[in-house]
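> Take this structure, written in structure tokens, and hold onto it; I'll ask about it next.
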Amino acid sequence: MGDLDTELAELRGSVTSHVPAEMAEVLKADRETFVGMVVEAAAKPGAAMPDLMLPDAGGDQVRVADGPAVVVFYRGAWCPYCNLALRAYQRELVPELENLGVKLVAVSPQLPDDSLSTKDLEFAVLSDVDNRLGRALGITFRLAPETKPAFDTLIGDVEKINGAADWELPYPTVLVVDGEGVIRYIDVHPDYTTRTAPADILAAVKAL
């Protein structure tokens, strides 16, 4: 399934052409620091999913380790690449996962009131306040200070949106967790303009 890759490539081009040149350079330089990076600290297949409860948009607590599940970490609703990916996952994954008895949950550090609207999503959107789960999985990082003015101009204050005093975010990551709460697949994308292909996620789920 190459649709998501095509949509992401088109979005990259659109973002570059619609922001001021100096801002585009800042974003390009920021992205290039992540291209090809390997996140050595990330959890490995065979490790237990941290047993944490996270609130959904309505405030109900959800245990993320309850599998089988596909867990998608995204940066926030302010990230157009994240929104594109989540909608692609809904379109291409949710019907298949339902047939397999596997749930899909999305996780970001945004506060519950500011999490992505769930009215057109058919899966839970959870808030990892203070990045507790992301940090336990070894998939968080801090944005470079020089990128802050560009992000403030484009999307607003990420610190306020996330309710945190720093710029810690998760790398876009997909995990497949089995019925025993064990991570069987993890794919980390330091380059936030790329994402895990739906076909790769389905293959990992079917291998459970």
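> Residues that are under 16 Å from the mean Cα position of the chain (by Cα), surrounded by fewer than 18 Cβ atoms within 10 Å (Cβ to Cβ) and on the phi < 0 side of the Ramachandran plot: find the helices (runs of 4 or more DSSP H) completely inside region 58-137 holding 2 or more of those.
Details: elements: 80-92, 94-100, 132-136.
Because the criterion is at least 2 residues that are under 16 Å from the mean Cα position of the chain (by Cα), surrounded by fewer than 18 Cβ atoms within 10 Å (Cβ to Cβ) and on the phi < 0 side of the Ramachandran plot, the helices (runs of 4 or more DSSP H) in region 58-137 that meet it are 80-92, 132-136.
> Give the residue that is nearest to the chain's Cα centre (by Cα), with candidates limited to residues of region 168-208 that are charged (D, E, K, R), modelled with pLDDT of 95 or more and part of a strand (DSSP E or B). Give the steps one after another, and end with the answer.
Filtering region 168-208 down to residues charged (D, E, K, R) leaves 168, 178, 180, 184, 187, 191, 195, 200, 206.
Going one step further and asking which of them are modelled with pLDDT of 95 or more, we end up with 178, 180, 184, 187, 195, 200, 206.
If we keep only those that are part of a strand (DSSP E or B) too, we end up with 184, 187.
Working: Arg184: 18, Asp187: 11 Å.
Checked region 168-208; the qualifying residue nearest to the chain's Cα centre (by Cα) is Asp187.
> For the subset of region 11-27 comprising residues that are within 11 Å of Thr193 (Cβ to Cβ) and at pLDDT 80 or above, which member is surrounded by the fewest Cβ atoms within 10 Å (Cβ to Cβ)? Can you show your working first?
First, pick out the residues of region 11-27 that are within 11 Å of Thr193 (Cβ to Cβ): 11-13, 15-16, 27.
If we keep only those that are at pLDDT 80 or above as well, we get 11-13.
Working: Leu11: 16, Arg12: 17, Gly13: 9.
Top of the filtered list is Gly13.
> Can you confirm whether region 40-48 contains a residue that is closer than 16 Å to Val176 by Cβ, acidic (Asp, Glu), open to solvent by 30 Å² or more (accessible area, probe 1.4 Å) and modelled with pLDDT of 80 or more?
Step one: filter region 40-48 for residues closer than 16 Å to Val176 by Cβ, giving 42-48.
Narrowing further to those that are acidic (Asp, Glu): none.
No, region 40-48 contains no residue that is closer than 16 Å to Val176 by Cβ, acidic (Asp, Glu), open to solvent by 30 Å² or more (accessible area, probe 1.4 Å) and modelled with pLDDT of 80 or more.
> Here's something else I'd like to know. Return the residue satisfying two criteria in turn: it lies in region 9-40 and is under 18 Å from the mean Cα position of the chain (by Cα) and not in a loop (DSSP other than H, G, I, E, B), and of such residues it is farthest from Cys82 (Cα to Cα).
By that ranking, first place goes to Asp30.
> Another question, then. From the list Pro45, Pro55, pick out the single residue that is closer than 20 Å to Val174 by Cα and part of a loop (DSSP other than H, G, I, E, B). Can you show your working first?
Working: Pro55 fails: part of a loop (DSSP other than H, G, I, E, B).
Just one listed residue meets the conditions, Pro45.
The values are calculated or read from the model by the stated rules, or taken from the named source; none is laboratory data. Since we're looking at a predicted model, the values are computed, not measured. Reconstructed Cβ throughout: ideal geometry from the backbone, glycine too, with neighbour counts over all protein chains shown. For the accessible areas, the whole protein counts, side chains as well, though only heavy atoms, and no ligand, DNA or RNA atoms are used. Shrake-Rupley method; radii C 1.70, N 1.55, O 1.52, S 1.80 Å.
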